[in-house]
Every structure is written in C-alpha cells, then in structure tokens.
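Structure first, commentary second.
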Amino acid sequence: MPKLTVVLGRTPLKVYDLDQPLIKIGRTQGLDIVIDNMSVSRNQAEIVKTDGGWIVHDAGSSNGTFVNGEKLSGDRLLRAGDEITMGKYAVLFERALEVQANPVAARTVAPSAGSEHGTMFLKADEVKKLQQAGAQKRQAHLDWELKGEKGTYHLAATGAALVGSDDLSDLNLAGAPNHVLVVKTDDGYEARNLCTFRGMMVKGVKTTRTKLKDGDVIEVGGLKLTFKDELR
C-alpha cells in the first residue's frame, strides 16, 4: 500500500496509508491530512487514484502546490519519491520515514493583513525561498564550525566537497587544514583526509578514509564537519 510522509524540514511528522481513492490535504479539520499552519490553505491539494496511477492537483490554494519544486497547473502523475510541497511542509509520496517519538509540532501563525480566507498569502519570491530552504534541508549537506563561526555547505549539486583554505577548495574556510574531501560514492558518502600532517577523527576514531552515516562528526585540527545525509 502506498504511503505518504508529512515532513517539516528534516523532521518526519506522520505517515499515512493511501487506503482510499481520494486524499484531501489542507488546514481544515476533518480532511484526510490536516496541516495546521497558516501558510497552508484550508483546502490545499488532492491526491486521486486513477487507472494510470496516483495523481495530485492543487485544490485552489492561495500560495500554490508544488511537486519537486514545480508549481502545479493541473493534474500531475506521481512517482515514488516525489515531494509535494506547500508552505513550509512537504508530503513525500511512497516514502515512509521513521517518525520520532516527539516530533516537532506544527506552528500556527497569525494571518497577515489582506490574507485570503484566513490563509497567510505569500509573495512568489517568498514561496520560492520556502521551497528551496525546505528542499535543501532534506538533501545531503555539511554543517561546519571553525574558530567560532558556523555555516552549511550543500552537497546535492556536485556530490562532493573539497574543504580547505585555498582557491582549489569548494568550501574555502580561512584557517582550515588542507584538505578534507567528502564525496558521494555508489553506496553513500565517505570522508577522505588528504592532509598529510594532520589526523582526521570521525566519531572520535582516527582514520584516513571512512564511510559516513547521518550525524557523523568529522574533525581535523580545529575544523568540525557534521554530515547530514539525504532524508530517505
């Protein structure tokens, strides 16, 4: 039975079975999937079973419904792994993720002035930023710390990051040791220490090359890299 997972950022909130031919999504109590947030319309989207498979369409929402970053203008046939996004939230099709014991609760915010039917109306560029921010959080990335500064480097575009302090580095950080490579392989990501005079620690164990799991911490000198795998 196909499943839908509602996600906020990287946090799976709830998993639903597609056990009926029509699934209605929105903010209205009593719908099949209720997302209690003012960036989501009262009636946001519908997922319908057809002879050709499951399709999704927008239900006349204020801010639009997106599939893999593309705004819906009609029916869209869903494929396993597709991300249906609305406001801050994503509904993942045929991806059943483990839900935490106490997931982050959906926040309700007051509607802005001039909002339509109580829904917070967002400008096109605001919607785009929400889409991009949510998608990036679910993709593989590195959270880095060095000399009191912090940041994030997204791996999805190239599948690799050469970290160092020179112009050859993808992630160029003043004072970082040259070089640490985080690269995508056939079965995930791995870290490689290319710095011959500084040891690399991963999960507190000294290594020169190791496979990475979500949450693994890489340390070289004063540099700290926390690996976040693709949400799947």
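Assorted remarks:
- Residues that are in a strand (DSSP E or B), charged (D, E, K, R) and farther than 26 Å from Pro12 by Cα, drawn from the stretch 174-232: Arg192, Lys206, Arg209, Glu219, Lys224
- When Glu83, Glu94 are screened for being over 25 Å from Gly118 (Cα atoms), out of contact with any Asp or Glu (no Cβ under 6 Å at 6 or more places or on another chain) and in contact (Cβ under 8 Å) with a residue 60 or more places away in the chain, only Glu94 passes.
- Members of the stretch 182-232 that are in contact (Cβ under 8 Å) with a residue 40 or more places away in the chain, out of contact with any Asp or Glu (no Cβ under 9 Å at 6 or more places or on another chain) and more than 21 Å from Gly148 (Cβ to Cβ): Arg232
- Taken over the stretch 161-181, the criterion of being in contact with a Ser or Thr (Cβ under 9 Å, 6 or more places away or on another chain), buried (at least 19 other Cβ atoms within 10 Å of the Cβ) and small (Gly, Ala, Ser) is satisfied by Ala161, Ala176.
- Unmet criterion (only one of (1) crowded, with 18+ Cβ neighbours inside 10 Å; (2) among the aliphatic types (A, V, I, L, M); (3) modelled with pLDDT under 95) for Ile84: (3)
- Within the stretch 182-202, if we keep just the residues that are within 20 Å of the chain's Cα centre (by Cα), within 15 Å of Leu162 (Cα to Cα) and of a type outside the set (Phe, Trp, Tyr), the residue that is surrounded by the most Cβ atoms within 10 Å (Cβ to Cβ) turns out to be Val182.
- When the stretch 17-75 is filtered for residues that are open to solvent by 60 Å² or more (accessible area, probe 1.4 Å) and within 20 Å of the chain's Cα centre (by Cα), the ones remaining, listed by number, are Asp36, Asn68, Glu70, Lys71.
- Scanning the stretch 218-232 for residues that are open to solvent by 40 Å² or more (accessible area, probe 1.4 Å) and either at negative phi or of a type in the set (Ser, Thr, Tyr) (or both) yields a total of 6.
- Subset of the stretch 1-16 (residues that are in contact with a Leu (Cβ under 8 Å, 6 or more places away or on another chain) and basic (Lys, Arg)): Lys3, Arg10
- You will find that of Ala161, Ala135, Ala176, the residue that is within 18 Å of the chain's Cα centre (by Cα) and of a type in the set (A, V, I, L, M, F, W, C) is Ala135 and no other.
- Criterion: of a type outside the set (A, V, I, L, M, F, W, C), at pLDDT below 95 and over 30 Å from Asp143 (Cα atoms) - qualifying residue of Asn68, Asn63, Asn37: Asn63
The values are calculated or read from the model by the stated rules, or taken from the named source; none is laboratory data. Being a predicted model, the structure only gives us computed values, none of them experimental. Here the Cβ is made from the backbone with ideal geometry for all residues, glycine too, and neighbour counts use every protein chain on show. Heads up: the accessible areas ignore ligands, DNA and RNA and are worked out on the full protein's heavy atoms, side chains in. Shrake-Rupley method; radii C 1.70, N 1.55, O 1.52, S 1.80 Å.
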